[in-house]
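**Q** For reference, the structure I am asking about is given below.
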Amino acid sequence: MKLLVKSFGCQMNKLDTALVTSALEDAGFSLTESVKEADVVLINTCSVREHAEQRVLSHMGHLKHIKESRPDLVVGVIGCMAQRLGDRLLEHEAVNIVCGPAEIPQIKELITEALKEKKKSLAVTKKIRRKAPDEKSQALEEFESAYGIEDESIPAQAFVRVMRGCNNFCSYCVVPYVRGPEVSRPPEAIIEQIKKLADHGVKQITLLGQTVNSYKYKKGEKTWSLADLLDAAGNIDGVEWLRFVTSYPSEEFFDEIMQVMAGSPRVCEYLHMPAQSGSDKILHAMNRNYTGAWYLELLDRARAIVPDVSIAGDFIVGFPGETEEDFQATVDMVEKARYKNAFIFKYSPRPGTASDKRLQDTVSAEVKQRRNVELLAVQEKISDELSRDFLGKQVKVLVEGLSKKPHLNSIEGGGNPQLVARTATDYIVVFNGPVSLAGQFSDVKITKTSPLTLFAERV
Ligand code: SAH
Ligand code: SF4
Ligand code: F3S
């Protein structure tokens with residue numbers, strides 16, 4: 001039986017894809033990249049913005065077309081959109097299975113049944129905001145630690161979830177409604193998993209959580225924080241680089257985490273900590289519990305402890321009620337924060353969230369677009385300045401693999417293809433080298449820079 005899995009979401013979503021894929025490989029499926037060959041197609045979906053859902057729906061339209069000539073093809077939709085839409089997605093002609101993120105331990109059974117009998121099946125979590133019954137959390141925990149070790153999508157790199165769900169309820173955000181309440185995984189399970197990955201040759205581990213810095217696990221007398229996890233993981237043989245995403249701007253454990261970063265050569269000097277807006281009025285309406293000034297002070301504190309820390313952020317432009325003045329406050333914040341890069345999104349109302357229920361989507365599409373472009377330009381100038389500092393310097397990078405640009409990555413024709421790599425501080429570096437360097441560390445010298453990419457030569 002041949003399986004095709006496609007991921008349309010964030011890092012959490014990709015991690016679920018890796019778990020499901022390896023569970024199904026274990027059950028005898030082999031992977032294919034071609035829909036033509038596939039007996040089963042799984043789509044792992046995202047609900048965070050309307051655009052993300054639209055991409056999935058258009059892909060499903062394509063699958064429906066294919067199923068007209070191949071009615072036996074089994075199509076499963078997993079992930080956040082499966083949880084959000086449930087039986088409404090099951091009504092789609094192309095779809096056989098709808099399975100939410102907390103139900104993936106059942107995926108093998110669901111597929112086996114769908115292949116045998118032509119019935120549709122739905123596995124979504126009812127009352128998603130309730131604490132899951134013990135047997136269910138247990139099943140998820142077992143699934144999580146049993147699979148995904150062989151995920152080679154980026155050589156020598158792996159992702160380890162340290163917590164599930166989110167309790168923050170930022171007013172625009174669908175995640176708490178599709179991923180459920182915040183649950184931190186037991187530290188021993190996380191450490192065990194990292195040891196296994198290191199034994200398999202993994203060199204970089206990224207710890208994942210929606211608000212990863214609020215990781216908290218009470219074990220006997222001690223409450224484990226992310227700082228404790230990083231400290232313990234940094235002592236595991238073979239783990240060379242450790243990262244964690246995404247951080248919520250919060251006082252709790254903040255100094256401890258930054259101190260571990262300062263003290264451990266293995267914890268990368270990189271912090272992804274979204275601000276979302278620079279306007280206090282908008283931050284309040286977003287239910288983010290801080291002011292712009294306080295957030296900037298937190299960045300100062302981070303830089304006081306780890307002077308070279310590189311910081312990335314996220315912003316939403318065009319949140320309901322955002323005036324030119326509010327937007328200007330965001331521009332000011334971006335200018336002061338000196339991010340390495342910032343992800344900028346246009347507000348997208350999500351059904352069921354507080355901002356969608358209570359506030360009108362007042363900012364027009366044109367204004368959102370203009371603010372998006374303007375903010376990107378402000379950030380690009382800063383990214384360019386920060387990148388220029390690398391000129392002529394030697395840096396250590398971890399090589400991810402061939403460049404995605406086909407005209408630069410050709411292996412034929414003698415010379416070395418272009419490779420993509422990253423610094424510990426998450427700068428993207430491209431250079432020419434043998435493809436055998438994928439998954440290896442390499443020392444390179446920066447010869448040219450652009451806002452988002454550094455160009456280098458091997459030394
Ligand atoms: N848990 C992470 C991010 C989750 S979603 C955090 O809190 O930082 C990733 C990003 O998508 C968010 O940081 C936010 O900038 C953006 N986002 C979330 N909901 C959105 C919405 N309804 N419209 C536009 N952007 C949104
Ligand atoms: Fe969404 Fe806010 Fe939770 Fe991030 S912290 S996942 S933006 S609710
Ligand atoms: Fe990730 Fe999208 Fe779900 S951002 S957690 S896949 S809604």
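The values are calculated or read from the model by the stated rules, or taken from the named source; none is laboratory data. Just so we're clear, the structure is a prediction, and the values are computed from it rather than from any experiment. Positions of Cβ are generated from backbone atoms using ideal geometry, with glycine treated the same way; all protein chains shown enter the neighbour counts. What goes into the accessible areas is simple: the full protein's heavy atoms, side chains included, and nothing from ligands, DNA or RNA. Shrake-Rupley method; radii C 1.70, N 1.55, O 1.52, S 1.80 Å.
**Q** Per 0.36 nm of contour for each residue apart, how much would the distance between Thr362 and Gln54 grow if the chain were fully extended, relative to their Cα-Cα spacing?
**A** So the extension gain works out to 108.7 nm.
**Q** Bin all alpha-carbon pair distances of the stretch 270-388 at 5 Å intervals from 0 and give each bin's fraction as a whole percent.
**A** Histogram of Cα-Cα distances, whole percents per bin: 2, 11, 22, 24, 19, 12, 6, 3, 1, 0.
**Q** Subtracting the Cα-Cα distance from 0.36 nm times the residue separation, let me have the gained length for Lys381 to Ser410 in nm, one decimal.
**A** So the extension gain works out to 7.3 nm.
**Q** For the pair Asp443/Gln328, report the inter-label distance in nm, with labels modelled 7 Å from Cα in the Cβ direction.
**A** It is 5.1 nm.
**Q** Please give the charge dipole size of the stretch 149-268, origin at the Cα centre, charges +1 on K and R Cβ atoms and -1 on D and E Cβ atoms. Round to the nearest 20 debye.
**A** I would put it at about 280 debye.
**Q** With every atom except the alpha carbons ignored, what do you get for Rg and Dmax of the chain, in angstroms?
**A** Cα-based Rg and Dmax for the chain come out at 22.5, 63 Å.
**Q** Counting each DSSP H run of 4 or more residues in the chain as -39500 (n - 2.57), what helix-only mean residue ellipticity at 222 nm follows after dividing by all residues, to the nearest 500 deg cm²/dmol?
**A** Result for the chain, helices only: -11000 deg cm²/dmol.
**Q** Check Lys346: other-chain or 5+ apart residues with amide H under 5 Å from its amide H, H built from backbone geometry?
**A** Val317
**Q** Grab the beta carbon distance between Ser22 and Val459, set R0 = 35 Å, and tell me the FRET efficiency rounded to 0.05.
**A** The value I calculate is 0.40.
**Q** Roll a 1.4 Å probe over the protein chains and send me the accessible area per residue for the chain in Å².
**A** 46
**Q** Averaging sequence separations of C-alpha pairs under 8 Å and six or more residues apart, then dividing by the length of the stretch 270-388, give the relative contact order as a whole percent.
**A** About 29 percent, as a whole number.
**Q** Separation between the Thr32 and Leu391 pseudo-spin-labels, each 7 Å from Cα along Cα→Cβ, expressed in nm?
**A** 5.2
**Q** Among Leu375, Thr330, Gly313, flag the residue with its Cα farthest along the positive direction of the charge dipole of the stretch 299-386, charges on Cβ as +1 for Lys/Arg and -1 for Asp/Glu.
**A** Gly313
**Q** A further question on this structure: Taking the dipole about the Cα centre of the chain, with the C-beta of Lys and Arg at +1 and of Asp and Glu at -1, give me whichever of Pro351, Leu398, Asn213 is farthest to the positive side.
**A** Pro351
**Q** Hey, how much of the P(r) for the stretch 2-123 falls beyond 20 Å, as a percent of Cα pairs?
**A** That tail contains 34 percent of the Cα-Cα pairs.
**Q** Just for the chain, what percent of DSSP beta bridges are antiparallel, to the closest 5?
**A** For the chain, the DSSP antiparallel bridge percentage is about 35.
**Q** Probe radius 1.4 Å, ligands and nucleic acids ignored: give me the carbon and sulfur share of the accessible area of the stretch 408-448 as a rounded percent.
**A** The computed percentage sits at 50.
**Q** Check which residues have an amide H placed less than 5 Å from Trp224's amide H, if you skip close sequence neighbours.
**A** Amide H neighbours of Trp224, under 5 Å, 5+ apart: Tyr217, Lys218, Lys219.
**Q** For the residue pair Asp280 and Lys336, what label-to-label distance in nm results when each label sits 7 Å from Cα along the Cα-to-beta-carbon direction?
**A** Placing both labels 7 Å along Cα→Cβ, they lie 1.1 nm apart.
**Q** Quick one: of Lys340/Lys405; Lys64/Lys119; Lys14/Lys219, which pairs are farther than 19 Å apart, Cα to Cα?
**A** Checking Cα-Cα distances, Lys340/Lys405; Lys14/Lys219 exceed 19 Å.
**Q** So, one more: For Pro155, what is the net charge nearby, where nearby means another residue's Cβ is under 11 Å from its Cβ and Lys, Arg count +1, Asp, Glu -1?
**A** It works out to a net charge of -2.
**Q** Non-local amide H neighbours of Gln418 (under 5 Å, H modeled in plane, Pro and chain starts lacking H): which ones?
**A** Ser403, Asn409, Ser410
**Q** Taking 0.36 nm per intervening residue step and subtracting the Cα-Cα distance, what contour gain separates Thr223 from Leu452 on full extension?
**A** 78.5 nm
**Q** About its Cα centre, what dipole magnitude does the chain give when the only charges are +1 on Lys and Arg Cβ and -1 on Asp and Glu Cβ, stated in debye to the nearest 20?
**A** Here the size comes out at about 720 debye.
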